[in-house]
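Visitor: Please find one structure pasted underneath; my questions will follow.
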Amino acid sequence: MAVQHQITTVTTGHSSGTWSTGMCDCCSDIGVCCCAYWCFPCMQCQTASQHGWCCFLPVLDPCTCFGISCCLRKSIRERHGIEGSCMGDCCNVLWCYPCTWCQMSREIKLRAGQGGTTTVITQQIMHG
């Protein structure tokens, strides 16, 4: 007789329809802004990675006329149910590139902290 354990992890969160912080709300997370100030590419790569994207995509952003930033912002909005538009995303990226990235980084960090994780362990007894 063999016992096989199956582990299932369920992550839950909530959608608010708005960004958790404003574009220029640096005081809400000084760490993100300091990271952006001292090593902006590092913060970008970390943000992309935390969202589940390849961490090196932001490095290619200037080659795509900031298309990667616009697509990442859109993806974050869609994943978390944040209202907005592609045009708004592109305008934010073009008008205030560093502030937009800081806002995206804070959002990913805050949403990760809000989601609850439940681990369910089930046992299957195999007769053999």
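What follows draws every value from the coordinates through simple rules; no lab data is involved. Predicted, not measured: the structure shown is a model, and the values here were computed from it. Virtual Cβ from ideal backbone geometry, glycine too; neighbours counted across all protein chains shown.
Visitor: Of (1) touching a residue at least 24 places away in the same chain (Cβ under 8 Å); (2) over 15 Å from the mean Cα position of the chain (by Cα), Tyr37 satisfies all except one. Which?
Guide: Going through the list (1) touching a residue at least 24 places away in the same chain (Cβ under 8 Å); (2) over 15 Å from the mean Cα position of the chain (by Cα), Tyr37 breaks only (1).
Visitor: Between a residue in segment 61-75 that is more than 10 Å from Cys90 (Cβ to Cβ) and any residue that is acidic (Asp, Glu), which pairs come within a Cβ distance under 8 Å, given they are 6 or more apart or on different chains?
Guide: Ile68/Asp61
Visitor: Right, another one. Across segment 50-66, what is the number of residues that are assigned to a helix (DSSP H, G or I) and either closer than 24 Å to Gly22 by Cβ or among the charged types (D, E, K, R) (or both)?
Guide: 3
Visitor: Considering segment 90-106 alone, what residues qualify as being surrounded by fewer than 22 Cβ atoms within 10 Å (Cβ to Cβ) and not polar (S, T, N, Q)?
Guide: If the condition is that a residue be surrounded by fewer than 22 Cβ atoms within 10 Å (Cβ to Cβ) and not polar (S, T, N, Q), then Cys90, Cys91, Leu94, Trp95, Cys96, Tyr97, Pro98, Cys99 are the ones that fit.
Visitor: Please go through segment 20-34 and pick out each residue that is farther than 15 Å from Tyr97 by Cα and part of a helix (DSSP H, G or I).
Guide: Cys27, Ser28, Ile30, Gly31, Cys34
Visitor: Can you work out which of the residues in segment 64-89 that are surrounded by fewer than 18 Cβ atoms within 10 Å (Cβ to Cβ) and polar (S, T, N, Q) is farthest from Cys24 (Cα to Cα)?
Guide: Thr64
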